1. Taking the residues in the stretch 202-233 that are of a type in the set (Val, Ile, Thr) and part of a loop (DSSP other than H, G, I, E, B) as candidates, determine which candidate is nearest to ligand 2 (Cβ to nearest atom).
2. Return only the number of the condition from (1) within 18 Å of GLY99 (Cα to Cα); (2) outside any loop (DSSP other than H, G, I, E, B); (3) open to solvent by less than 10 Å² (accessible area, probe 1.4 Å) that HIS174 does not satisfy.
3. Scan LYS203, LYS241, LYS191 and give me the residue that is among the basic types (Lys, Arg) and within 12 Å of ligand 1 (Cβ to nearest atom).
4. Can you tell me which of (1) open to solvent by less than 80 Å² (accessible area, probe 1.4 Å); (2) at positive phi is the one GLU103 doesn't meet?
5. Between a residue in the stretch 52-75 that is among the basic types (Lys, Arg) and any residue that is within 12 Å of ligand 2 (Cβ to nearest atom), which pairs come within a Cβ distance under 6 Å, given they are 6 or more apart or on different chains?
6. Being out of contact with any Pro (no Cβ under 8 Å at 6 or more places or on another chain) and either within 16 Å of ligand 2 (Cβ to nearest atom) or part of a loop (DSSP other than H, G, I, E, B) (or both) is the filter here, so list the residues in the stretch 93-112 that pass it.
7. Take CYS211 and decide whether it is closer than 25 Å to THR59 by Cα and touching a helix residue (DSSP H, G or I) at 6+ places or on another chain (Cβ under 7 Å).
8. Test PRO216 against the stated conditions and say whether it is open to solvent by less than 20 Å² (accessible area, probe 1.4 Å) and under 29 Å from ILE353 (Cβ atoms).
Amino acid sequence: MPETSEQGTTAQATPAQGTTAERAKELQSEAKSQKQLLRQSKRQLAMVFDLNKCLGCHTCTVACKTLWTRDDGMDYMWWATVNTQPGKGTPRDWEKMGGGFHEEEPVAGKLPNRGDFGEAWQFNYDEVFFGGKGNSVHLQPAGKPDWGPNWVEDQGGGQYPNSFYFYLPRICNHCTNPACLEACPRNAIYKREEDGIVLINQKRCKGYRFCIEACPYKKIYYNHVAQLGQKCIFCYPRVEKNVAPACARQCPGRLRFVGYLDDESGPIHKLVKKWEVALPLHGDFGTQPNVYYVPPLSPPRLDADGNIDESKPRIPIEYLKYLFGDKVEASLEKLKAEMAKTKAGQKSELLDILIVYQWKDLFGPYTQDPSALEPRKA
Ligand code: SF4
Ligand code: SF4
């Protein structure tokens, strides 16, 4: 039987090439080494998000939207999302859609549909702002939307008086072992050699959407107009000019750190490798994500009489382990110990990093003011 190569050409086994089985093996090994090349990078850019500081303001989301996803077919795309946890997230129930790897073997994933993301709602702006109808009309979405990227915003979990929530910002994780890259039969997805940013070559992409099924974070969107997969590009055109990604630069919470994992003097290395307080989201998905999270500390619980009960955290530790793995307990203990130290009047390198006294300390070399750059020629 003819075998189909990765480029879609058909290779017929001939006696000189060996048996069909041998040729298939050869093609498989060629495909494997091609994937290895696409996966290689000399360094890795990463981000750390400190969840204790996220306000849920969506400035990051809007900064990204304004910059990158305003073309046709991109209305429903939000490359940088912020969801309330516990919650269904976006696309709805993405954590249950499969994908990624288990013991290095790819796990089958589900393709989310447009309903899972929620359509881009249309509002009656013209009528309200320019229609001359005064207070007789109010801003409202057209139709009857029944889902959207933040449908369950601020609902959270737990029972009063111990209800709780926190915000979870997400972008593509620019994984070291990207399931999307592995799944693409066109070899259109690759890591940049110089910084490990994962990109989709838009000329090679044919819109097959295997990458979307394979990504366990569901961070690739299908553009139904261009018929292409599209995703967060870590603002690489800004990065190339030493400007931090828009989501990070605009964040008023000063919680999005940017830098190289191997830069020992930078905050990323210190938070991830030295202090080990920043952890990957769902490391169990097997893609080795390069966005890390400082987990949220809990307010104390209240007992039946409304007294503070310090014996248990309000956010169940099992839930945090589900998100960030078993190291989350140690991370939270370290944060608490360092807070106790500073309360006792001692210095803490860890808290000094997390407080971010100077905003430029978030970004390593990426502190260039974008407005100081030459505008791009049309
Ligand atoms: S998060 Fe998904 S889309 Fe991004 S690199 Fe990882 S597998 Fe690919
Ligand atoms: S801009 Fe910063 S504070 Fe606001 S939602 Fe995004 S990550 Fe959170």
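1. Top of the filtered list is ILE233.
2. (2)
3. LYS191
4. (1)
5. LYS53/GLY253; LYS53/LEU255
6. Passing the criteria: ASP93, GLU103, GLU104, ALA108, LYS110, LEU111.
7. no
8. When the stated conditions are applied, PRO216 does not pass them.
The values are calculated or read from the model by the stated rules, or taken from the named source; none is laboratory data. From a predicted model like this one, the values you see are computed outputs, not experimental measurements. Glycine also receives a Cβ, built like all others from the backbone with ideal geometry; neighbour counts cover every protein chain displayed. SASA here: full protein model, heavy atoms, side chains in, ligands and nucleic acids out. Shrake-Rupley method; radii C 1.70, N 1.55, O 1.52, S 1.80 Å.
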